[in-house]
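The values are calculated or read from the model by the stated rules, or taken from the named source; none is laboratory data. Note that the coordinates shown come from a computational prediction; the quantities given were computed from them, not determined experimentally. All Cβ positions, glycine included, derive from the backbone under ideal geometry; neighbour counts span all protein chains shown. Areas reflect the complete protein model, heavy atoms only, side chains present, ligands, DNA and RNA absent. Shrake-Rupley method; radii C 1.70, N 1.55, O 1.52, S 1.80 Å.
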Amino acid sequence: MPDVQALNEFVNLLKKRKIEGSQATAKLTAELLRSVISHQRVPHTNQATYLINAVRAVGEQIIDANPIELSVGNIVRRVLHIIREEDLSLVTDAMAGFGMSATSDDEDDVERDDHPALSAVVVAAAARSTLRPPSLQTLLEDVTDSAAIPPTPSSTGDSDGKSRSVEKGTRGRKLKHDVIEAVNELIQDITSCHEQIAEQAVEHIHQNEVILTLGSSKTVFEFLCAAKEKKRSFKVVVAEGAPRYRGHLLAKELAARGLQSTVIADSACFAMISRVNMVIVGAHAVMANGGVIAPIGLHMVALAAHRHAVPFVVLAGSHKLCPLYPHNPHVLLNELRSPSELLDFGEFSDLMDSATSLGSLHVVNPAFDYVPPNLVSLFITDTGGHNPSYMYRLIADYYSADDLVVKQRPTAGN
Amino acid sequence: MDATRVSHSLGDPKIRRVGFFVPESSTTDSCKILSPRHLSGTLPDMQTSVDGQVSSQSNDASENLNLETGIEKREEGEKKVLKSRSKPLKEKTTKAERRALQEAQRAAKAAASKDEGSKAVAETGGAATGRSTKQSSQKKVGPSFPLAADKKAGDRPLDKDRKKDAPPPRMQFDDESRMEKARRRAVVNPTESRTRVELFKHLPQYEHGTKLSNLESKFFHLGLVHPSVFEVGQRYSAGDIWGGNARCVAMLRALQDAIRDYCTDHEKALVRDLTSKINSYVSFFTECRPLSMSMGNAIRFVKSRIVNLSTNHSEFEAKRTLCSDIDQFINEKIILADKVIVRHAFTKIKDGDVLLTYGLSCVVEMILLYAHELGKHFRVVVVDSQPRLEGQVLLRRLVAKGLSCTYTHINAVSYIMHEVTRVLLGASAVLSNGTVYSRVGTSCVAMVAHAFRVPVLICCEAYKFNERVLLDSICSNELGDPDAIARVPGRMDVNYLDNWASEDNLRLLNLMYDATPSDYVTVIVTDYGMLPPSSVPVIVREYRREHLLM
C-alpha cells in the first residue's frame, strides 16, 4: 500500500510528540485518512463497511501512537461518521431510484414489484440505524445491524444481478468521491476554525475590559486580535504558563499588535483575578460532559475565576470536541513531560543518585489539567457559543454512536 | 519652669481622666488615653502603636475639637504657635515611620534644632530624658490656658484611642504631592521604572539594579547610617536576605549593632535622639526594600523599649538593656516561637501522610525535619513557582536529610492535590480579618487545597500578626524586579522576552505577595497554639497588651 510509509511517518511523529497543537494534528490526521480512503481499492459490494474498516485500522494505529492527543481520535471518528453519512445519503438516493424504477417497471412484471421495495426499506432502516445517535433502538439493533447489511444486496442482487453490479460499481466510486469531498470540507473547517471563532470576539469583549489568559493558544490570540481590529481597546493579563512559558510569546505578539498586555507569574493568578473581567483560554480537548482537558494550570485559574465570579470562557474548534467522558481524567488523560523542564538535571543529579542520598526525589510535570464543567461559563466553538451542558448534543451531531470506541472494536471484532 | 508646674503636669494624667467617660481602668488602658504630646516620654504604647500618624492625627483630632469649643480653638492656635516655637515638640510628633524619611535628609537641620531643644530641657534641670522634654512642652502650654489644656488633653486621647486601632495609612505612590516630598527626602533615589504597571501605581516601581549602585556610591555621603545597617540594607536590596524571619533578625541585629555603637551627645536626650536615629535607619531599610509587616512589628517593639527606658539608667546601662531586650525578642518571638510551632504542628502529622508545602518557609522546613527525625513516615510534595524557585532550596535540603520528596510547579498543584493529605504553608503576616498575607502563590495553593477538601495549616509566629486588614492582593503589595519574570533560570530556550522593555505595550508584573482569604485556611499554627483564622484579632489585641507590659 502506498500510504503505509506516510502512515508510519505520521505515527512516528505522534509518538515522538513532534506535532504540536491539536489543530495541526487534526489537519494532518484528516489528510492522512483522506489519502487512506483515496488509495483504498473499493470492492463492488459493501463499500461503506470496507472503507470504515480500513479507516478504523489506520485510526487504531494513530490513536495508539498518541492517546493523549484526543483530536486524532476525534478526526478518525468524524471521518467514520462522514463515511456512514455519505453511504446513507447514497442509499436513500438509491431507494428513491428504486421507487422510480419500481413504478416504471410496474407494468412489465408485477410479481417482482414488492421485492425491491421491501429490500430498499430494509436497507434504509439498517443504514439509518448505523447512523443515528444512541437510542434504545440502535442499541438493540446494533447486533443485527452488521449482519443485516450484507444479506440485503445479495437478496436483491439475484434477479437482475448484472445491471445492479454495474450500478454498484458507479455507486462505490461515487461513495469514495463523496467521502473524499466531505473530508476535504472537514479539513477546510479545521483550517478556518480560528477565523470562525474570532468572528464572535466582538460579541464578547467590550471596551476597557481586562482579560486574563494563561499560556499561549493560537485560537485565543486570533480571538483577541479580532476584537482589537474591531477597535475595541482592552487589556490582557497573560500568565506565563510554566513550564513552557508560552505566555511570554503570546504577550509579546499581542503587544506587537498594539494590545496592552501584562505578563504575570502563574502564582499571581489568584491575586490578579479580582481585577479581571473575563478569563479566555484555549483548550486541549472538550469532553462530552462539558469538561475541558486544558493546558496545565487552568484548573487553578478556573477555581480562582469561579470564586470571584469571573466568566471563564473556553475557545475550542469543533475538532477538539471529544465524544468520550472523562472518568478519571487526572490519571487517564494526562501526560507527564520531562522533569528537565522543572529541574536542572545537572544541579540535582547528586540527589537523584539513590545510592548516595537517603531520600528520594520525584519530579512531576504533567501536561494537562482537567477543568470540570461546573467551572466553565461558556464554550465558544466555530458553531457559536454553547453551555457546557449542551456539549453532549453538539457532539452527537458530529459523531455516530458506533464509532465512540474506535480502539477496542477492531481488535475485538477482527 | 517652677516646681508647681512640674508637679501639676506630672499629676495630670489622673486629674485629666476625671470627668471623661473613658471606662478603662487598668494601667495600660489609662496610659492609652493619654495624649502623646504630654506623655510620650513615659508611654511606649502611644509612641509605638500610633507610629506613622502622630503628626497628622493630632491635627485631625484638634480639628474635630475645634467645632466644639472656642477655647479649644484658641488652644489650637496656641498649639500651632507652640509647634513652630518648640522644636522638641515637633521632633516628637514627627516620629512616624513614614515621616522618618524626612529625618534622613534633614539630619543636619534637625540636629541643630535638637540642640536648641535640649538646651531648653537642660534649663528645666531635668535629666536628658523623655520625661523632661514632656515637661518642657507642657509648661509652654500651661501658662496661658491651663484649664483649656487640661480639657483638650482629656478630649483628644479619646479620639486618639479610637483612631489608634486603625493602622496608619501607607505611603501611596500615586499621590504626586507626597511623592514629590518623598523624592526630595530620599537617600537612595532609585530611578523610577519607565514601564510602570497602571494597576499598581500606588506601589513603588523602580528600575531594579539602579538602587544598589546608587547605594554603594553614596556610602560616604551617608554619615548617618551605621555601617552594619548599611550592609543589611544593601543585602536587602540585592536580595541576599529574604524570608520574613531572616529579614527581621538581620534588621534587629543591625539595630543592635547600631545601638551598641551609639553614643549620646551630651546635650541630647538619649530617648529622643536614639529614636530618631532608629527612625532614620528604618527609613533607610524601607528605601532598600519595603518593610514586611513583621518587621514593622519588630521596629515598634524596639521603639517601645527605647521610650520605656528607665530615666535613671546610665547610657551604658540603657544600651545594654536595649540590646538584651532585642536578644530576648529574637529568642522568644522568633526562635522559641518556631520551636513551639514545630511542636504544635507535629501533632497533626500522621504516618503515611502526604504533606504539601509551597516555596520555602523555614518554619515548615523545621516541622518536616522534626517529624522526620521523630520517625514519622510521610512524603513531602514541594510546590514551587517562578521567579523565585525557592522550593528548589527546600527540596535540596529535605532530600539531603533523607525525606522522600515530590517536586512540581504551581500549575500542577491541582494534579498533585489528589494525593495530598495536609497542606503546610508559611506566612509573611496574618491580618486581623484572618487574611493570610504571604508569598505570591500561597492563595492559589490554599484555594486548590480547599477545592479538594484538604486541610490547610498556616504556620506563622505570633509576632507576624498585624491589626491591618486586607481584602485583596492589589491594595498593599510589593513589586519585585520585572526582569525576573522574563528570565527563567536554567531554561535558555525561554527567551521570548529578552528585550521586553522596548515594547511599548508590554508590561511585566512581578508581585511578591498575595492575600489568602480566611475561608481557605483551616488552622493557623502559632506559638499561642492552633487557632482558626477568626481568632486572629484576639491574638493581635492580647499580643499588643503583652507587648506593652514587657
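The string of couplings for the stretch A:179-185 from the Karplus curve (6.51, -1.76, 1.60, θ = phi - 60°) is 4, 4, 4, 5, 5, 4, 4 Hz, one whole number per residue in order, with x for Gly and Pro. For the stretch B:420-486 and the stretch A:42-73, what is the separation of their C-alpha centers, rounded to whole Å? One Cα centre to the other: 52 Å. Diffusion coefficient (Stokes-Einstein, Kirkwood radius over C-alpha pairs, 10 °C, 1.306 mPa s) for the stretch B:223-335: 112 µm²/s, rounded to a whole number. Counting Cα-Cα pairs of the stretch B:383-511 in 10 Å increments starting at 0 gives whole-percent bin shares of 10, 33, 36, 18, 3. Considering only A:89, A:67, A:57, the residue lying farthest towards the positive end of the dipole of the stretch A:1-99 is A:67, judged by Cα position with unit charges set on Cβ. Counting only Cβ charges, +1 for Lys and Arg and -1 for Asp and Glu, the dipole size of the stretch A:178-249 around its Cα centre is about 660 debye.
For the stretch B:504-526, a decrease in accessible area of 50 Å² or greater in the assembled protein chains relative to the isolated chain, with a 1.4 Å probe, applies to B:505, B:506, B:507, B:509.
Take each residue in A:338-351, count the other chain C-beta atoms within 10 Å of its C-beta, and the mean is 4. In this structure the amide hydrogen of residue B:205, modeled in the peptide plane, comes within under 5 Å of the amide hydrogens of B:193, none closer than 5 places in sequence on its chain. When the listed pairs A:15/A:235; A:18/A:320; B:339/B:401; A:16/A:230; A:18/A:218; A:230/A:320 are checked against a 29 Å cut-off, the alpha-carbon distance exceeds it for A:15/A:235; A:16/A:230. Overall, the stretch B:223-335 carries a charge dipole of about 300 debye about its Cα centre when +1 sits on the Cβ of Lys and Arg and -1 on the Cβ of Asp and Glu, all other atoms neutral. Shape annotation for the stretch A:194-403: C-alpha extents along the principal axes are 61, 48, 29 Å, from largest to smallest.
Let me spell out the model: positive unit charges on the Cβ of Lys and Arg, negative unit charges on the Cβ of Asp and Glu, origin at the Cα centre of the stretch B:365-518. What dipole size does that give, in debye rounded to 20?
Working: 14 positive and 16 negative charges, 143 e Å.
Dipole of the stretch B:365-518, to the nearest 20 debye: 680 debye.
Taking N as the number of residues in the stretch B:339-415, what is its alpha-carbon radius of gyration divided by 2.2 N^0.38 Å?
Values: Rg = 12.0 Å, N = 77, 2.2 N^0.38 = 11.5 Å.
Ratio of Rg to 2.2 N^0.38 Å for the stretch B:339-415: 1.04.
Positive end of the dipole of the stretch B:223-335 (Cβ unit charges, origin at the Cα centre): among B:311, B:295, B:258, the Cα lying farthest that way belongs to B:295. For residue B:407, nonlocal amide neighbours, meaning residues 5 or more places apart or on other chains whose placed amide H falls under 5 Å from its own, are A:362, A:363, A:364, B:382.
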